[in-house]
Amino acid sequence: MRPVSYSRVSDVATAIATVAADPTSAYLAGGTTKIDMLRIYAEPSQRLVDINSLPIDHIEVQPDGAVRIGGLARMNDVALAPVVVDRFPMLSEALLLGASAQLRNMASMGGNMLQRVRCSYFRDAEASCNKRAPGTGCSALAGVNRGHAVLGTSPHCIATHPSDAAVALVALDAMIHVQNSGGHHAIAIDDFFLLPGDTPEREHPLNHGDLITAIEVPALPAARNSLYLKVRDRESYEFALASAACALTVTDGVVAEVRLALGGVATKPWRARRAEQVLRGAPATRETFARAAAAEMADAVPQPMNAFKIELAQRTMIRALETLTARGEAP
Amino acid sequence: MTTAIGRPLDRVDGHAKVTGAGRYSAEIALPGLAHAVLVTSRIPSGRVELIDTYDAERAEGVLAVLHHLNLPKGGSVPPLLPSLFGAAASGQTFFPMQDEVIHYAGQHLAMVVAETLDQAEHAARLVRITYQETASITTVEQGRDRAYEAEKIFAGFIPGRIARGDVAAALDRAPVTVENSYYCAANHHNPIECSATTAVWEGDRLTLYDATQGPNATLHTVAELLNVMPSHIRVVTNYVGGSFGCKAMIWDHPALAALAARAVHRPVRLALSREQMFSSVGHREEQEQRLTLGADRDGRLTAIRHHKLSPTSHFDDWAEPSLGVASQIYACPNYEGVYNLIKANTMTPTFTRCPGEASGMFVMETAMDELAEKLDLDPLELRLRNYAETEPMTGHPWSSKGLRDCYRRGAELARWSERDPRPGTRRDGNWLLGWGMASSGYPVTPPGNPQRARARIFADGSAVVQSSFSDIGTGAATAMTQVAADGLGVPLERMRIQYGDSDLPNTAAAVGSAGAGMVSAAVHIAATALRDQLIAQAVADEHSPLHGADPRQVVVSDGRMALRDRPATGETYAELLQRAFMADAEALGTWNPPGMDTPYGTMTFGAQFAQVAVDPDLGLCRVRQLIGVFDPGRVLNRKTAHSQLMGGMLWGMSHALLEGTIMGPDGRWANASLGEYLVPVNADAPDVLIETIETTDTVVNPLGVKGVGEVGMVGTAAAIANAVWHATGRRHHKLPITIESLL
């Protein structure tokens, strides 16, 4: 492992000042990805600033029904928080399906938003990769790309965004709260994740030293009837081949409200706006669901090994919508 | 007297393992220990044009950077010989860092030795290699045009072509035929413990702490590779964290560890990384098989034509013997089996749990299911109609065979008779349900050399039995404690087994499901020899209550010798030894195994049944139940034997649904990690029901142990694939059966 220096800070201002002052430094939260990345030389940080003692790990219910999740709240604590389980089951499920218990106990919510892609070429320090080493090319295009994205890709990068929790949060229109030496600001989550385009190395509109202090999930009554459906080869410890975070309200057989986002198939947590548009106000039938799913995947770009994801993503959406429709009808 | 054998005794090494007290080969703490890290080839074919070690040599803590230009040349590479022979057992006839030629990606090109592991890993990243790459072949698809029929495979023991009768004529005449091509992805072993060796020189004597299935295999192989006298090498294997075949043969890293230790004049630990495990210790080769079955209208097989095509290394003609059990499981007068090979830029493939049996029987048992469907016959009935009463290839009688009972009992447990044969007719919500079955078989192969153990009893009546074998996690040490206790007639708590050390009496490697049979033979012979020696001493001792008795009438139980029909007359071993002022007594036991030409077919048989649930919309297949009934001869420990069989069946499930190493277009394994090479997690594990039919076998070894290490995996994949057909109506000829193939 490359030699790194390590220090621990106990307040937010010192943390930000310490990291902002040194371009080779990085925050260390749960470390469940960062340390791996350092060990495989896919991450250049030379100085780790441990922020685990910062007091930003609370889960708070706001007066308006929103939930504010501290950037250092652990995945497991969020997944099991009664308010999350009751009001945002899709988020609880996404977190529980997102990692093993050991990882969930360590990994932070802020870190989850910033986790790096699992593309094996990105993680191979010696392979060509535009995300890790801009301009070197994308090895995945001609490589093993079964797990790669079909939505939001560019000729420069097809790596799939790996987060489950972020998919639920995108469906829920969460806000990412960021602090830096200049103060606070908040970013709508859909703007927080960038498409690779010509700059796949840039994944977020964050500057060096910016710290995620909280994730705010606005109140959404429809989210009580929500789920996260994750399709993968094995039951646990695997990233999604396709997943759907979905909230649905059906009134008199018609879709009154819907939120739908996809994981496992796109370069960012993918809000299925086209599908939502087809669904809203339409009869809650399998035919509508299929039409909505097809609309969402219409512009998908398959790679040699992952064309099946286009079909799988549609079936995943349909299954999620059907399941929620049936639940909503249940007495 | 048998009291301990068969009992579900807890593992004797369990406490040390779960508490961390047990030291594995990469955990041996030694003063002055240095760490070696390997630098491997990025390309599958070509040469090292330049190796730049400037920065690496100057990095903090670095003691040496060794490569083809400065590594001391040693002895010679021994031939490829299975470690069951007890001799040198090189995994491939190639030793790296001798010249600049690159034969496969992951080939070991350099070795960095440093004070700490982190320093060695960092310096290894600083070694810069300039390559001159040449065209490569790494897959069946790329090399199909260059395939050749092997003269021999498997270290020369199996001919490349085996034929009996007239297959072409029989197929012409057959009213019913089934013909298909099948594909199995490459597999890697992935034990939790990665291979590791810690090497220590004391003058010209070498001690290796090595994660190996055979301490003596390591000893003999390293002796030849380094040209060191075997008498000067000791190999210690305290604990092994799983192997599944990747520690069955001896690869280059133990010898490299010894060379590194010699270069820096310090003890050196060389532990492979998980990624390096994918290109350092062999693999199950990617393979294509083509199988044609011919049958009469009653379903009796008249012809089997079974061809295999797979890549091997540039050095060795290796193929796992996929045709073996598949050629022995059913009676059939006409047979043709051919191994075709492709010289490829991979290392030599190797034994991987059920080497050949798992892949070959997936093919045979899937084809039998299709034949049953074609004939409108129950799949189990078809198998019974083709039951091999004698070994089909030789006509020899079986040493024992309980397969009919396995079928019967398995069918009862699976309620097979209630199964509606029509596919795609049962549903549970979104899930389609199906049942499938398959036969299992794994050969019983004797070791190639005598097996030895030493039994020693002390004057207080406690005893130790010593034998060099390695317990790779199977529970062998526990089972051997039971065998030793029964053989000598002492209670389990007074018996200790000492093992995992080449200085102890010689055994072959624990491979091929042969360990329990061969080591129990030596342990049993040693323990009973000591018992008989002590009984002889007692009946000759005029101070013994047993004086003058017929030794054949003396039995021993709980450390006490007594007359069979007058148990009150007798004395303990301790009393006998103490009276004679003997601190201890010992005996050596040697088992001379039957030759390979023993006129019997020898095999562990079984029957497997699987229930699967398939969600055809989402392409998911989840196994709900596995049932296996096996005839392993005598069971030494019911708990560890069942664990072995269960582990095998779960791996069979994994073989069917998850495992596959993918060769990338760059000629490198693309998923060389536990995150991407999929093995089942606990949540994937179904209810597994296992029973054994205990058969008496007087041929294979003294205790009649046929073995349980691998047979559990044979047939599972076919039972699952057949159940998937029963659930969905679709046949699968490619492993693993993935989501995309189920959509």
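How much length is gained if the chain between B:Met393 and B:Ala163 is pulled fully straight, taking 0.36 nm per residue apart and subtracting their Cα-Cα distance, in nm to one decimal?
Working: separation 230, 0.36 × 230 = 82.80 nm, distance 0.92 nm.
Full extension from B:Met393 to B:Ala163 adds 81.9 nm.
For the protein assembly as shown, what is the mean residue ellipticity at 222 nm derived from helices alone (per DSSP H run of n ≥ 4: -39500 (n - 2.57); sum divided by total residues; nearest 500 deg cm²/dmol)? Please list the in-between numbers first.
Numbers: 30 runs with 286 residues, N = 1074.
Calculated at 222 nm, the ellipticity per residue is -7500 deg cm²/dmol.
Taking the Cα centre as origin and putting +1 on Lys and Arg beta-carbons and -1 on Asp and Glu beta-carbons, what dipole magnitude results for segment B:632-743, to the nearest 20 debye? Mind showing how you got there, number by number?
Details: 8 positive and 10 negative charges, 38 e Å.
That gives segment B:632-743 a dipole magnitude of about 180 debye.
Placing +1 at every Lys and Arg Cβ and -1 at every Asp and Glu Cβ, with all other atoms neutral, what dipole size does segment A:1-50 have around its Cα centre, in debye to the nearest 20? Let's see the in-between values first.
Numbers: 5 positive and 5 negative charges, 29 e Å.
The calculated dipole for segment A:1-50 is roughly 140 debye.
Using a 7 Å offset from the Cα along the Cα-to-Cβ direction at both B:Asp52 and B:Glu493, what is the distance between the two label points in nm, to one decimal?
It works out to 6.8 nm between the two label points.
Could you order peptides B:369-378, B:6-15, B:189-198 by the average number of other Cβ atoms within 10 Å of their residues, highest first? Present the calculation step by step, with values, prior to reporting the outcome.
On the way: B:369-378: 18.5, B:6-15: 16.6, B:189-198: 22.3.
Averaged packing, sorted descending, gives the order B:189-198, B:369-378, B:6-15.
Quick one: plug the Kirkwood hydrodynamic radius of segment B:490-642 (C-alpha pairs) into Stokes-Einstein at 20 °C, 1.002 mPa s, and report D in µm²/s. Don't jump to the answer; show the numbers that get you there.
Details: Rh = 19.9 Å.
Reported coefficient: 108 µm²/s.
Mind checking the dipole of the protein assembly as shown: about its Cα centre, +1 per Lys or Arg Cβ, -1 per Asp or Glu Cβ, Debye to the nearest 20? Please report the intermediate quantities before stating the final value.
Working: 96 positive and 116 negative charges, 111 e Å.
For this selection, approximately 540 debye.
How many percent of the alpha carbon pairs in segment A:225-329 exceed a separation of 25 Å?
On the way: 872 of 5460 pairs.
That fraction is 16 percent.
Full-extension gain between A:Asp22 and A:Ala222, please, as 0.36 nm times their residue separation minus the C-alpha to C-alpha distance. Before the final figure, lay out the partial values.
Details: separation 200, 0.36 × 200 = 72.00 nm, distance 4.45 nm.
Stretched fully, the A:Asp22-A:Ala222 segment lengthens by 67.6 nm.
Using only the alpha carbons, work out the radius of gyration and Dmax of the protein assembly as shown in angstrom.
Taking only Cα atoms of the protein assembly as shown, I get Rg and Dmax of 31.5, 105 Å.
Test of understanding: what is the full-extension gain from A:Ser5 to A:Asn105, defined as 0.36 nm times their sequence separation minus their Cα-Cα distance?
Details: separation 100, 0.36 × 100 = 36.00 nm, distance 2.45 nm.
Here the answer is 33.5 nm.
Contact order normalised by length for chain B, with contacts defined as Cα pairs under 8 Å and 6 or more residues apart; what percent is it? Working shown, then result.
Values: 2028 pairs, mean separation 125.6, N = 743.
This gives 17 percent for chain B.
Measuring from label point to label point, each 7 Å out along Cα→Cβ, what is the B:His543 to A:His58 span in nm?
My value for the distance between the label points is 8.5 nm.
Report, in order of residue number, the helices in chain B meeting two criteria: a C-alpha extent of 20 Å or more along the helix axis, and a mean Kyte-Doolittle hydropathy of at least -1.0; treat each whole DSSP H run as one helix. Please report the intermediate quantities before stating the final value.
On the way: long enough: B:357-375 (26 Å, 0.13); B:515-540 (37 Å, 1.03); B:638-657 (28 Å, -0.10).
Flagged H segments are B:357-375, B:515-540, B:638-657.
How large is the translational diffusion coefficient of segment B:472-578 in µm² per second when you combine the Kirkwood radius over alpha carbon pairs with Stokes-Einstein at 37 °C and 0.692 mPa s? Walk me through the numbers on the way to the answer.
Working: Rh = 14.9 Å.
Answer, rounded: 220 µm²/s.
Would you work out which of B:Ile720, A:Trp270, A:Ala142 lies farthest towards the positive end of the dipole of the protein assembly as shown, given +1 charges on the beta-carbon of Lys and Arg and -1 on that of Asp and Glu, about the Cα centre?
Checking the options against the dipole of the protein assembly as shown, the answer is B:Ile720.
Kirkwood-based Rg over Rh for segment B:603-743 (C-alpha set), two decimals?
Working: Rg = 17.0 Å, Rh = 16.3 Å.
Reported Rg/Rh, Kirkwood definition of Rh: 1.04.
Would you kindly calculate the mean projected area, averaged across all directions, of the convex hull enclosing the Cα atoms of segment B:94-181, in square nanometres? Could you put the intermediate results ahead of the total?
Working: hull surface 44.4 nm².
Approximately 11.1 nm², given one-decimal rounding.
Per the Cauchy relation, a quarter of the hull surface: what is the mean projected area of the convex hull of the alpha carbons in chain A, in nm²? Numbers along the way, then the final one.
On the way: hull surface 66.0 nm².
Dividing the Cα hull surface by four gives the mean projection, 16.5 nm².
Could you tell me what fraction of 2.2 N^0.38 Å the Cα radius of gyration of segment A:1-50 comes to, as a two-decimal ratio?
Working: Rg = 10.6 Å, N = 50, 2.2 N^0.38 = 9.7 Å.
Ratio of Cα Rg to 2.2 N^0.38 Å: 1.09.
Report D for chain B in µm² per second (integer): Stokes-Einstein, Kirkwood Rh on Cα pairs, 4 °C, 1.567 mPa s. Let's see the in-between values first.
Details: Rh = 27.1 Å.
Once the numbers are plugged in, D ends up at 48 µm²/s.
Need the C-alpha centroid separation for segment B:491-510 versus segment A:107-142, integer Å.
Using only Cα atoms to place each centre, the spacing works out to 49 Å.
From other protein chains only, count the Cβ atoms within 10 Å of every residue's Cβ in A:117-126, then give the mean. Walk me through the intermediate numbers first.
Details: counts 0, 3, 0, 9, 3, 0, 3, 6, 1, 2.
Mean inter-chain Cβ contacts per residue within 10 Å come to 3.
Could you rank the peptides B:432-443, A:51-62, A:79-90 by their average count of other C-beta atoms within 10 Å per residue, with the highest value first?
Details: B:432-443: 26.4, A:51-62: 16.6, A:79-90: 19.1.
In decreasing order of mean packing, B:432-443, A:51-62, A:79-90 become B:432-443, A:79-90, A:51-62.
I need to check one value: relative contact order of segment B:236-305, counting alpha carbon pairs closer than 8 Å and at least 6 residues apart, in percent.
On the way: 34 pairs, mean separation 14.4, N = 70.
Over segment B:236-305, the number comes to 21 percent.
Please name which of B:Val635, A:Ala101, B:Ala135 has its Cα lying farthest along the dipole of the protein assembly as shown towards the positive end, using unit charges on Cβ (Lys, Arg +1; Asp, Glu -1) and the Cα centre as origin.
B:Val635
Report the percentage of all Cα-Cα pairs in segment B:139-251 whose separation exceeds 21 Å, rounded to a whole percent. Walk me through the numbers on the way to the answer.
Values: 3959 of 6328 pairs.
For segment B:139-251, the fraction of Cα-Cα distances above 21 Å is 63 percent.
Over 23 Å between Cα atoms: which of B:Lys308/B:Lys706; A:Lys34/A:Lys268; B:Lys639/B:Lys706; A:Lys34/A:Lys131 fall into that group?
Numbers: B:Lys308/B:Lys706 28 Å; A:Lys34/A:Lys268 19 Å; B:Lys639/B:Lys706 16 Å; A:Lys34/A:Lys131 16 Å.
Check vs 23 Å cut-off fails for B:Lys308/B:Lys706.
Could you sort the peptides B:310-323, B:48-61, B:506-519 by per-residue average Cβ neighbour count (10 Å cutoff), highest mean leading?
On the way: B:310-323: 24.2, B:48-61: 15.6, B:506-519: 28.9.
So the order, starting with the most tightly packed, is B:506-519, B:310-323, B:48-61.
Going by amide H atoms built from the backbone, whose H comes under 5 Å of the H on B:Leu432, apart from near neighbours?
Correct list: B:Val614, B:Asp615.
At 7 Å along the Cα-to-beta-carbon direction for both A:Glu201 and A:Val12, put a label point, then send me their distance in nm to one decimal.
Taking the simple label geometry, A:Glu201 and A:Val12 are separated by 3.0 nm.
Report Rg(Cα)/(2.2 N^0.38 Å) for segment A:82-237, keeping two decimals.
Values: Rg = 16.6 Å, N = 156, 2.2 N^0.38 = 15.0 Å.
Relative to the 2.2 N^0.38 Å estimate, segment A:82-237 comes out at 1.11.
Calculated FRET efficiency, B:Lys374 and B:Arg579, Cβ-Cβ r, R0 51 Å, to nearest 0.05?
Numbers: r = 76 Å, r/R0 = 1.49.
It comes to 0.10.
Just checking the output field for B:734-742: average partner chain Cβ neighbours within 10 Å of each residue's Cβ?
On the way: counts 0, 0, 1, 0, 4, 9, 10, 1, 1.
Averaged over the peptide's residues, the number is 3.
Given Cα pairs under 8 Å that are at least 6 residues apart, what percent is the relative contact order of segment A:225-329?
On the way: 191 pairs, mean separation 28.8, N = 105.
Taking the mean separation of contacting Cα pairs over the length of segment A:225-329, I get 27 percent.
Could I get the Rg over Rh figure for segment A:199-276? Both from C-alpha atoms, Rh via Kirkwood, rounded to two places.
Working: Rg = 15.9 Å, Rh = 15.2 Å.
With Rg and the Kirkwood Rh in hand, the quotient comes to 1.05.
Taking every residue in B:673-683, how many Cβ atoms of other protein chains lie within 10 Å of its Cβ, on average?
4
Each reported figure results from applying straightforward, stated rules to the coordinates on display, with no laboratory input. Bear in mind that the values here come from a model prediction, so they are computed numbers and not experimental data. No Cβ is skipped: glycine too gets one built from the backbone with ideal geometry, and neighbour counts run over all protein chains shown.
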